[in-house]
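**Student:** Just dropping this structure here.
The values are calculated or read from the model by the stated rules, or taken from the named source; none is laboratory data. Bear in mind the structure is a predicted one, so any value in this text is a computation, not a measurement. For neighbour counting, all protein chains shown are included, and Cβ atoms are generated from backbone atoms with ideal geometry for every residue, glycine included. Note: areas computed on protein heavy atoms with side chains; ligands, DNA, RNA excluded. Shrake-Rupley method; radii C 1.70, N 1.55, O 1.52, S 1.80 Å.
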Amino acid sequence: MILGSVLNPVNSSILAVSLVPIGAAFGAPPSQTAWLVSGLYLATSIGQPVVGRLIDLYGPRRLYLAGTALVGIAGVVGLLAPSLGVLVLARVLLGFGTCAGYPAAMFLIRSEARRTGHDSPAGILTALAVANQTVAVLGPVLGGLLIGLGGWRTTLAVNIPLAVAGLTLGLWRLPKSPAGQPRGEERSTAGTDLPGIATFAATLLALLLFLMDPRADRWYLPVLAVLAATAFVLRERRAAEPFVDVRVLAGNLPLLTTYARTLLAYVVAYSTLYGYTQWLQEGRGLSASQAGLAQFPIFLTAIPSPPRPGPARESAANCWSARSGRSSPRPCSSCSATAARSGCSSWSPASSGSRRG
């Protein structure tokens, strides 16, 4: 469970020190290399709720193994990528491949809780949180070390042994059928909300295209984002099995406040992770290894205070599960995180071309 759930954060943080070397290798400015960040998170924000739904239908084994295999393929594509476009494709594959790890872990925890009749074990939930936080902290340092040893391509190649380990453990430990669900009783995918998924993706894509290069002559992109978001909300309010149950948000001020707070937190965190790291490399002349080490004390302070399960957190999760029946993380927070990460990675001080000492 832990190995699968950390694949996404390790690929998020390890890229921070790779953006400048990749840009230098392909002659690409920060506004273009930022797609390496956005591609992964766009795929994740769309794919994770969908994969969570499929895990609810078919159990974690097949989805986890398929996703982990895709991570390995992405590692090979990134290792051999001849252009920035192919590298972005590898990151998109990584985004989809890492979608299954966390929902699969949540499914197994919920299934075990139902089987035993006990609440979800706080120790396991805390272990998942600590593992994800620790990997995020070590990512820039690990990325700098890998770049120093074999260049930026090693930050993609590291996914190959991770995928092999994940596949081995998944084949060995994951149940062949969902716990508590007899064979042959898998539910139909007929209720999958394809229009909701399409309008959700269109909203994010239009918003990201504008955030990556905000100019007056691209005014139509935020307009398209608003139109797609409106169509998405109207669709989800009427769907029998919505992709995102927006009715949960109606009049729920505490939940809306939580999402707003999450967005602000992501803006600060990813401004530091991506923007500050690029500035250290381009503005101050630090190497990838030095920039990774410079980030270490900042993120080290987050390890002693990982998010812990509590009554408020569990009640919010139970509310969402009861309304949507999904084991995946909430897509609204994924959307907020994607926008924040993409904006911070493309609006870094390095993008202005400043190299002041």
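**Student:** Using θ = phi - 60° and the Karplus curve 6.51 cos²θ - 1.76 cosθ + 1.60, what whole-Hz ³J(HN,Hα) does each residue of the range 228-237 get, with Gly and Pro shown as x?
**Tutor:** Working through the residues one at a time gives 5, 5, 5, 4, 5, 5, 4, 5, 5, 5 Hz.
**Student:** Something else now. FRET efficiency for Y259 and L80, Cβ-Cβ distance as r, R0 = 41 Å, nearest 0.05?
**Tutor:** Values: r = 39 Å, r/R0 = 0.96.
According to the calculation, E is roughly 0.55.
**Student:** Can you put I22, I298 in order of accessible area, largest first, using a 1.4 Å probe? Mind dumping the intermediate values first?
**Tutor:** Numbers: I22 0, I298 75 Å².
So the residues, ranked largest to smallest area, are I298, I22.
**Student:** Tell me the per residue accessible area of the range 1-80 using a 1.4 Å probe; a whole number in Å² is fine. Let's see the in-between values first.
**Tutor:** On the way: 2150 Å² over 80 residues.
With the other protein chains kept in place, the range 1-80 gives 27 Å² per residue.
**Student:** Could you work out the relative contact order of the range 5-106? I mean the mean sequence separation of Cα pairs under 8 Å and 6+ apart, divided by the number of residues, in percent.
**Tutor:** Values: 115 pairs, mean separation 41.7, N = 102.
Result for the range 5-106 is 41 percent.
**Student:** In whole Hz and in residue order, list the ³J(HN,Hα) couplings for the range 275-291 that follow from phi through the Karplus curve 6.51 cos²θ - 1.76 cosθ + 1.60, θ = phi - 60°; x for Gly and Pro.
**Tutor:** With coefficients 6.51, -1.76 and 1.60, one gets x, 5, 5, 5, 5, 4, 7, 8, x, 10, x, 6, 6, 4, 5, 5, 5 Hz.
**Student:** If you don't mind, another one. Accessible area of the range 190-275 with a 1.4 Å probe: how many percent of it is carbon plus sulfur? Mind showing how you got there, number by number?
**Tutor:** Details: 3380 of 4700 Å².
Result for the range 190-275: 72 percent of the exposed heavy-atom area is carbon or sulfur.
**Student:** Quick check on packing: order 91-101, 165-175, 282-292, 246-256 by the mean number of other C-beta atoms within 10 Å, highest mean leading. Don't skip to the end; give the middle numbers.
**Tutor:** Working: 91-101: 27.3, 165-175: 14.9, 282-292: 19.5, 246-256: 12.8.
Those peptides, ordered most packed to least, come out 91-101, 282-292, 165-175, 246-256.
**Student:** By average Cβ neighbour count within 10 Å, what is the ranking of 68-76, 42-50 from highest down? Don't jump to the answer; show the numbers that get you there.
**Tutor:** Details: 68-76: 21.7, 42-50: 24.2.
Averaged packing, sorted descending, gives the order 42-50, 68-76.
**Student:** Over the range 1-78, what percent of the accessible surface lies on carbon and sulfur atoms, probe 1.4 Å?
**Tutor:** Summing carbon and sulfur atoms, their accessible area is 71 percent of the total for the range 1-78.
**Student:** Write down the accessible area per residue of the range 243-296 in Å², having rolled a 1.4 Å probe over the full set of protein chains. Walk me through the numbers on the way to the answer.
**Tutor:** On the way: 2600 Å² over 54 residues.
I get 48 Å² per residue for the range 243-296.
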